[in-house]
Amino acid sequence: MAMEYESNNWIWEWMYNTPHLFGGLMLTAALLGFSTSYFGGIGNFPVSYAWSNLGFLLKKKREKRRVRVYMDGCFDLMHYGHANALRQAKALGDELVVGVVSDEEIIANKGPPILSMEERLALVSGLKWVDQVIANAPYAITEEFMNSLFNEHKIDYVIHGDDPCLLPDGSDAYALAKIAGRYKQIKRTEGVSSTDIVGRILSSVNDNKGVGDNNSTLSKVDSGKRRQLQRGQLSQFLPTSRRIVQFSNGKGPGPNARIVYIDGAFDLFHAGHVEILKKARQLGDFLLVGIYPDYIVSEQRGMPYPVMHLLERTLSVLACRYVDEVIIGAPWEVTKDMITTFNISLVVHGTVAESNSSLPGETDPYAIPKSMGIFRLLESPKSITTSSVAQRIVTNHEVYMKRNAKKLQSEKKYYEEKAYVAGD
C-alpha cells in the first residue's frame with residue numbers, strides 16, 4: 001500500500017537521532033584539523049554550517065516530540081463512555097484530534113443520527129481532553145483519508161476501542177490503519193452505550209403506558225421509586241472513586257477566585273448543557289456545578305427521568321472542559337450555608353429549564369441568592385433539552401429499534417467468529 005509520506009534528508013535525520021555521536025564526530029574532526037571541504041562533499045553538508053546548527057539539534061532532541069493521536073466516532077447521544085474513550089486516547093499521546101463522522105456516513109452505516117452534526121461537534125469540542133476536531137470524518141478509514149491524517153494532520157496513531165466497528169459488508173473499518181502499523185487500541189467502557197440509552201428511553205415509554213395521573217406529588221414520588229428500580233435493571237454502570245478522580249481536574253479555586261455556581265439535572269448531556277456551562281464559566285474564575293440527585297429529578301420531571309443516574313450524569317459533567325468542580329447530589333434550594341461553605345460569588349441559571357414549578361408548596365430555589373443580589377439569569381444559547389432529545393427517539397422509535405437490533409446482531413456475529421477463530 002503506497003502512502004505519500006513526507007521525505008527528509010538522511011543526514012539531518014541521522015543528526016537528529018544520534019546527536020551525541022554526531023557531536024563526537026565533529027569534535028574529532030576539529031581536533032584533527034580536517035578540511036571543511038572534505039565534509040562539504042558529503043551530501044553538500046559543510047561543517048561550518050553544521051556547527052552553527054548543532055546546538056539547535058541538541059535542544060530539539062531534548063524537547064520531547066509531541067505525539068498526535070486520532071480517534072473518530074459518531075458521538076451520537078454523547079455519554080461518559082465516549083468521554084472515557086477520549087480520555088484513554090489522549091493518554092496515548094500529547095495531542096488528541098477527534099473526527100466526528102458526518103450525518104450522511106452515519107445514515108449509510110447505522111441509520112439516522114439522533115443529534116445533528118452541529119450538536120455533536122459542540123459536545124466533542126466541549127470535552128477537556130480534545131485538542132482539535134475534524135468535522136464530517138468518514139465512517140471507515142480509507143487510504144486517502146489515512147494519508148491525509150498522517151501527512152496533513154501529522155497523526156502518529158489511529159485509536160479505537162476493543163469493541164468491533166464493522167462496515168455493512170462485515171469488514172473492519174480500521175483495517176488499513178492496522179496494516180500500516182499505526183493503530184492502537186483502548187479498552188471499551190463497560191455499562192453504557194448509545195444503544196443502551198436508546199433502549200432505556202424506549203423501555204420507559206413502553207412501561208409508562210397506562211400510568212395514571214402524573215401531575216400529583218404522590219404519583220411523581222411513586223414513579224421515581226419505580227424508575228429507580230427500572231434504572232437499576234437497565235444500567236450496568238459500576239461507579240468507582242478511581243473513575244471520578246480520572247475525570248476530575250483535581251484543582252481547587254485560588255484564594256481570590258470568583259466562584260460561579262450553576263445547578264441542574266444534566267440528564268442525557270447535550271449541546272445545550274455545554275453552551276450554558278461555557279457561558280457560566282466566562283463569568284468567573286472557577287465554575288462549580290451542582291448535580292441534582294435522582295429523586296429530585298424524578299419529583300420535578302416525573303417519568304421517565306432521569307434517564308441516566310446520578311453518577312453517570314456526574315461523569316458527563318466532569319468531562320466538560322468548562323467545569324472545575326461538582327457537587328454530587330446537590331440540594332434543590334441554594335442555601336446560605338452553601339454560599340458560605342463554597343465561597344460562591346455568583347449563582348446563575350439558564351432560561352431553558354425543565355423543572356416543574358407547579359408542585360404544591362414549591363418555593364423558589366434561588367430565593368436566597370436573589371435576596372443577596374448574587375443571582376443572574378442567563379439566556380440559554382440553545383433551545384435543546386433532555387426531553388426534546390428523548391422525544392426524537394420516541395418519535396422515530398421504530399427506526400432506532402431496527403438500528404439497535406442491527407448493531408446487536410453485527411456484534412454477536414463478530415464475537416462468534418472471533419471465538420471460532422480462537423478455538424481453531
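The values are calculated or read from the model by the stated rules, or taken from the named source; none is laboratory data. Quantities reported herein were computed from a predicted structural model and do not represent experimental measurements. Cβ placement follows ideal geometry from the backbone for every residue including glycine, while neighbour counts extend to all protein chains displayed. Remember, those area values only see protein heavy atoms, side chains included, never the ligands or the DNA or RNA. Shrake-Rupley method; radii C 1.70, N 1.55, O 1.52, S 1.80 Å.
Scan E299, E354 and give me the residue that is closer than 21 Å to L77 by Cβ and open to solvent by 30 Å² or more (accessible area, probe 1.4 Å).
E354
May I ask you to list the residues in region 332-351 that are open to solvent by 20 Å² or more (accessible area, probe 1.4 Å) and in a loop (DSSP other than H, G, I, E, B)?
Of everything in region 332-351, those that are open to solvent by 20 Å² or more (accessible area, probe 1.4 Å) and in a loop (DSSP other than H, G, I, E, B) turn out to be W332, E333, T335, F342, N343, T351.
Can you name the residue in region 190-203 that is under 26 Å from V394 (Cβ atoms) and not in a helix (DSSP H, G or I) and, of all such residues, is farthest from the chain's Cα centre (by Cα)?
Here is the first cut: in region 190-203, the residues under 26 Å from V394 (Cβ atoms) are 191-203.
Next, from what is left, pick out any that are not in a helix (DSSP H, G or I): 191-193.
On the way: G191: 16, V192: 14, S193: 13 Å.
Result: G191.
Kindly indicate the residue of region 274-319 that is over 24 Å from H82 (Cβ atoms) and of a type in the set (G, A, S) and also farthest from the chain's Cα centre (by Cα) among those meeting that condition.
Per the stated criteria, the residue is G302.
For P293, state whether it is under 18 Å from M338 (Cβ atoms), open to solvent by 10 Å² or more (accessible area, probe 1.4 Å) and touching a helix residue (DSSP H, G or I) at 6+ places or on another chain (Cβ under 6 Å). Before the answer, list the steps.
Values: under 18 Å from M338 (Cβ atoms): yes; open to solvent by 10 Å² or more (accessible area, probe 1.4 Å): yes; touching a helix residue (DSSP H, G or I) at 6+ places or on another chain (Cβ under 6 Å): yes.
Yes.
Just to be sure I understand, how many residues within region 309-331 are open to solvent by 10 Å² or more (accessible area, probe 1.4 Å) and closer than 14 Å to H273 by Cβ?
As a first pass, look at region 309-331 and keep what is open to solvent by 10 Å² or more (accessible area, probe 1.4 Å): 309-311, 316, 321-322, 324-329, 331.
Subset that is closer than 14 Å to H273 by Cβ: 316, 321-322, 326.
The total comes to 4.
From A390, A367, grab the single residue that is surrounded by 16 or more Cβ atoms within 10 Å (Cβ to Cβ) and not basic (K, R). I'd like the intermediate steps shown before the answer.
Numbers: A367 fails: surrounded by 16 or more Cβ atoms within 10 Å (Cβ to Cβ).
It is A390.
Restricting to region 101-154, what's the tally of residues that are over 25 Å from A271 (Cβ atoms) and touching a Pro at 6+ places or on another chain (Cβ under 6 Å)? Give the steps one after another, and end with the answer.
In the first step, residues of region 101-154 are kept if they are over 25 Å from A271 (Cβ atoms); the result is 140-152, 154.
Then drop every residue that is not touching a Pro at 6+ places or on another chain (Cβ under 6 Å), which leaves 145.
Selection size over region 101-154: 1.
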